[in-house]
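Report on the following structure.
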Amino acid sequence: MYQRIAADTVVALHGAFILWAVFGCLTLLGRRGLVWVHLPALVWASYIEFTGGICPLTPLENHFRRLAGEAGYGGGFIEHYVIRVIYPDGLTRNIELVLGALLVAFNAAIYLIAFLRQAPRPAPPDVPPSP
């Protein structure tokens with residue numbers, strides 16, 4: 001029972017991490033200081049997507065599932081949970097690369113907007129009072 005709860009908790013954390021990696025950049029629109037929390041997640045998620053690697057949370061979840069007497073699964077979190085829901089059958093390496101590029105492009109655009117919005121603006125020129 002506890003192992004199943006642990007496995008389900010890992011799934012929830014994994015999902016939250018993915019959401020943070022993709023959409024955490026939106027928090028920068030209000031708090032630029034969060035860049036140091038978001039940027040490592042973005043880099044890691046991009047690395048996993050571009051290299052076709054498997055996040056360490058996937059084997060951890062499978063470990064808890066096996067301890068609970070359930071079957072684990074092959075592949076990664078995205079292939080097992082997300083791809084089935086969002087993407088059609090036949091996910092190819094090229095599609096993974098496109099997804100990685102979209103992840104980076106979306107975040108880069110939001111980072112640019114966030115930093116341009118908070119860039120110091122030049123002071124208006126001094127205008128002498130009219131007589």
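Below is a table of values for the structure above.
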| item | result |
| --- | --- |
| Positive minus negative residues near Phe64 (Lys, Arg vs Asp, Glu; Cβ under 9 Å) | 0 |
| Under 13 Å, Cβ to Cβ, from Ala6 - net charge with Lys/Arg +1 and Asp/Glu -1 | 0 |
| Segment 1-68 - Kirkwood radius from inverse mean 1/r over Cα pairs (Å) | 13.1 |
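Each value in this text was obtained by applying a stated rule to the coordinates, not by laboratory testing. A quick note: this is a predicted structure, and the numbers were derived from the prediction, not measured. A quick note on method: Cβ atoms are made from the backbone with ideal geometry, for glycine too, and the neighbour counts reach across all protein chains shown.
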